[in-house]
Amino acid sequence: MKMYLKFTVLALFIFLVCKPLAAQETASNVNTPDERYRIIVTSDFPMFPVTNSDPDDVQSIVRFLLYSNELDVEGLIVSAGTFDMVAEKKNMLAVLDEYDKVDENLRKYDAKYPTADALRAVTYEGKGNNNGIKIKWGCGKQPVEDIIGEGKSSEASDAIIAAVDKPDPRPLWVSVWGGPREIAQAIWDVRNTRSEEEMEAFIGKLRIYLIACQDASHEWLMNEFPDLFIIESRKTYHGMFRSDSQEWAEKNIINNHGPLCAIYPPKAMAGPGVIEGDSPAFMHLISANRGINNPEDPTQPSWGGQYKRIERTNHWVDGPGESTISKWKNDFQAEFKERADRCIE
């Protein structure tokens, strides 16, 4: 009996000690629903079929929506970018109409897929050449005062401020696929209306991922705010290019996979097939959900690339290069195919 009691006590001790350790190990590798990353996407989103901008934004939004169950989507912002530099919310809303036709199928797999109405409610329009802000594509083309400043706020920049101001301890990731004018305008407004301490708190909650350099506000963010968390993907995002062929996209995504996948363009500016140069701006969060990386440390390998820190700043720029994305393509493409299948099953 004494031996039995000793064994029972020992077993109970091991259970009590080891169970919390096991739970802690699991929690470190999986994002629970309450820990999902908050995200706002800002995209120079075109109409489709694409006539006035880069088709890869449409490619990327299809993938993004198929992963929307894993993220806390707080904004879909249509910003100005690429050719015509227009921002039209109706283009994003048109995509959500297609998502609306498949979201019930998606929720059979995961109830956390948001409804189309929930996403429509957080869709906002920025400003561009179609509503009073004349933006030139690329850096070094115009003074930043031409595109941000007094009287240049938009429903999109206001929405970013409101999201940061929420009493939510989680940081807000801003995934910038087009020009960053809207996030820059939000920061300009806060800097000019709040105390220095309030400004620091606001900056401290932001995590910005920039794809390329698309307008003058990009340089302003990098130069004016060394303490602002910024990942600047200058060329690393090229590692997403041609992850699969046009034939693969047509077979596994576009054809016979429902209305949302049907709008996936079979080619983009960089060529045919899966281009999606903007997708790395959110895919580093998806790989983080799989325990691959901590997005707070962009020096770690991830589906969104690997970056090096600029000394004495909170900025990260291209590190080892494009291969830090392309090496994962078999993994993220297999998942993409699987999620496209969910739309019709």
*Please identify the pairs in which a residue from the stretch 250-265 that is under 14 Å from Asp97 (Cα atoms) has its Cβ atom under 6 Å from the Cβ atom of a residue that is at pLDDT below 95, counting only partners at least 6 apart or on another chain.*
Gly258/Ile344; Ile263/Phe48
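Residues that are at pLDDT 95 or above and surrounded by fewer than 16 Cβ atoms within 10 Å (Cβ to Cβ): which helices (runs of 4 or more DSSP H) entirely in the stretch 249-345 hold 3 or more of them?
Details: elements: 258-262, 280-289, 323-326, 329-342.
Hits in the stretch 249-345: 329-342.
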*asked:* Please count how many residues of the stretch 309-345 are in contact with a strand residue (DSSP E or B) (Cβ under 9 Å, 6 or more places away or on another chain) and among the basic types (Lys, Arg).
replied: 1
_Among (1) under 18 Å from Met283 (Cα atoms); (2) surrounded by fewer than 21 Cβ atoms within 10 Å (Cβ to Cβ), there is one condition Gly132 misses while meeting the rest; what is its number?_
(1)
*From Ala212, Ala116, Ala186, which residue is open to solvent by less than 60 Å² (accessible area, probe 1.4 Å), of a type in the set (Gly, Ala, Ser), out of contact with any Cys (no Cβ under 6 Å at 6 or more places or on another chain) and on the phi > 0 side of the Ramachandran plot?*
Ala212
_With over 20 Å from the mean Cα position of the chain (by Cα) and open to solvent by 40 Å² or more (accessible area, probe 1.4 Å) as the only criterion, which of Glu145, Glu88, Glu125 stands out?_
Glu145
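Across the stretch 309-345, which residue is farthest from the chain's Cα centre (by Cα) among those that are among the polar types (S, T, N, Q) and farther than 25 Å from Lys251 by Cβ?
Initially, the stretch 309-345 is screened for residues among the polar types (S, T, N, Q), giving 313-314, 323-324, 326, 330, 333.
Next, only the ones that are farther than 25 Å from Lys251 by Cβ stay: 313-314, 323-324.
Working: Thr313: 22, Asn314: 19, Ser323: 20, Thr324: 18 Å.
That would be Thr313.
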*Do we find that Leu12 is modelled with pLDDT of 50 or more and either buried (at least 18 other Cβ atoms within 10 Å of the Cβ) or assigned to a helix (DSSP H, G or I) (or both) in this structure?*
no
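The values are calculated or read from the model by the stated rules, or taken from the named source; none is laboratory data. As the structure is a computational prediction, the values presented were derived from the model and not from experiment. FYI the Cβ positions are ideal-geometry reconstructions off the backbone, even for glycines, and counts take in every protein chain you see. Remember, those area values only see protein heavy atoms, side chains included, never the ligands or the DNA or RNA. Shrake-Rupley method; radii C 1.70, N 1.55, O 1.52, S 1.80 Å.
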